[in-house]
Amino acid sequence: MNAFRRFRDRTSLTQEKASELLGVERSTVAKWETGEALPRAEMLIKAADLYGTTVDDLLRATADEDDEPDGRRAQEGTA
């Protein structure tokens, strides 16, 4: 599960409510949760505050999801 969704779920917010509180479209929150997009810096701060975490924790949790099972970082464009 994506870190943005995990932190949103912990606060019991729907995508609709989170988007309303953050001042963005619900589809924007959905894109953050699917990894299709990442929020801009100012939105990272707002999201971290809303979800009761830090920007560092939010980004680290998201980055950890990109790691390979053996702990190596996934490389795009490699076979």
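Tabulated values for the structure
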{"quantity": "Search result, residues across segment 24-38 that are assigned to a helix (DSSP H, G or I) and surrounded by 13 or more Cβ atoms within 10 Å (Cβ to Cβ)", "calculated": "26, 28, 29, 30, 31, 32, 33"}
{"quantity": "Verdict on residue 63 being under 12 Å from the mean Cα position of the chain (by Cα), of a type in the set (Gly, Ala, Ser) and surrounded by 13 or more Cβ atoms within 10 Å (Cβ to Cβ)", "calculated": "no"}
{"quantity": "Condition check for residue 62: of a type in the set (Val, Ile, Thr), at pLDDT 95 or above and part of a helix (DSSP H, G or I)", "calculated": "no"}
{"quantity": "Pair list, Cβ < 6 Å and 6+ apart or interchain, from segment 1-23 residues that are over 11 Å from residue 58 (Cα atoms) and surrounded by 15 or more Cβ atoms within 10 Å (Cβ to Cβ) to residues that are β-branched (Val, Ile, Thr) and at pLDDT 95 or above", "calculated": "15/29; 18/29; 19/29"}
{"quantity": "Per-region count, segment 39-54, residues surrounded by fewer than 14 Cβ atoms within 10 Å (Cβ to Cβ) and either within 9 Å of the chain's Cα centre (by Cα) or on the phi < 0 side of the Ramachandran plot (or both)", "calculated": "5"}
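The values are calculated or read from the model by the stated rules, or taken from the named source; none is laboratory data. Because the structure is a prediction, the values reported are computed rather than measured. Counting neighbours? That spans all protein chains shown, and the Cβs are built from the backbone with ideal geometry, glycine included.
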